[in-house]
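See below for the structure under consideration.
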Amino acid sequence: MPDPISWSLALPYFLAALLFGYLLGSIPFGLIFTRMAGLGDVRAIGSGNIGATNVLRTGRKGLAAATLLADALKGTVAVLAAAQWGPDTAILAGFGAFVGHLFPVWLKFKGGKGVATYLGVLLGLYWPAMLIFAAMWLVTALISRYSSLSALVASALTPFVLVLSGKWQAAELFAVLTALLFIAHRANIQRLVSGTEGRIGGAKS
């Protein structure tokens, strides 16, 4: 049974880490970058998403790359900053950053699908698992040419990679994040099942 005095001391740090991560994750870099470039609201084109894939539909590869990097780094920064107070606060900040990206307070809780931020949190907590994720994504993409399927396969395997690496706390976190990632990709899953999902390099994306 946890010491109630210890919990009373730790709780403010836990809540602060969660809130810090959420607010950082809520920053809609895709929307900010496209507006700064004079391209208007990225939510008005393509899928209406604020992530790098939809930013790429503007034809600006540089902006898409910047969005991908920024969305990932907000997860990494949240984890590394909160880690100064221990592994529990790092986990909570990472969770907050991911949820913030999916449900940003600034955009009426309608955000991105979370793959970049998922990767960023993974990088901050255990970078070898991030490299394995990238390898699994690449192999699946080369075989299937489906970006969404690649992300789903890699994320589904990530908790097991963490367990095998002895990172039990991170594995528990990523089991939850993977479930949320699948929910965010439910439309993609439906299109994959129906055969209408766009392939990498195809007419659709």
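The values are calculated or read from the model by the stated rules, or taken from the named source; none is laboratory data. Small disclaimer: the values here were computed from a predicted structure and weren't measured. Backbone-built Cβ (ideal geometry, glycine too); neighbour counts: all protein chains shown. Surface areas here come from the heavy atoms of the whole protein model, side chains and all, with no ligands, DNA or RNA. Shrake-Rupley method; radii C 1.70, N 1.55, O 1.52, S 1.80 Å.
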Next on the checklist: Filter the chain for me: DSSP H helices, axial length by Cα at least 30 angstrom, mean Kyte-Doolittle hydropathy not below 1.0. List them by residue number.
Outcome noted: 4-25, 61-82
Checklist entry - Per residue, how many Å² of accessible area does the chain show with a 1.4 Å probe? => result 52
Item to check | Ranked by how many other beta carbons lie within 10 Å on average, peptides 71-79, 132-140 from highest | outcome: 71-79, 132-140
Checklist entry - Whole number please: convex hull volume per residue of the Cα set in the chain, in Å³? => result 126
Next on the checklist: What does the charge count around L39 come to, taking other residues whose C-beta lies under 12 Å from its C-beta (Lys +1, Arg +1, Asp -1, Glu -1)?
Outcome noted: +3
Checklist entry - When you count, for each residue, the other Cβ atoms within 10 Å and take the mean per peptide, how do 18-24, 50-56 rank with the highest first? => result 50-56, 18-24
Next on the checklist: Could you tell me how far the Cα centroid of the stretch 128-190 sits from the Cα centroid of the stretch 92-118, in Å?
Outcome noted: 17
Item to check | Net charge contributed by nearby residues that have their C-beta within less than 13 Å of A116 (K/R +1, D/E -1) | outcome: +1
Next on the checklist: Over 24 Å between Cα atoms: which of K74/K113; K61/K113; K74/K110; K108/K167 fall into that group?
Outcome noted: K108/K167
Checklist entry - Given the convex hull over the Cα atoms of the stretch 85-205, what projected area results after averaging over all orientations, in nm²? => result 8.1
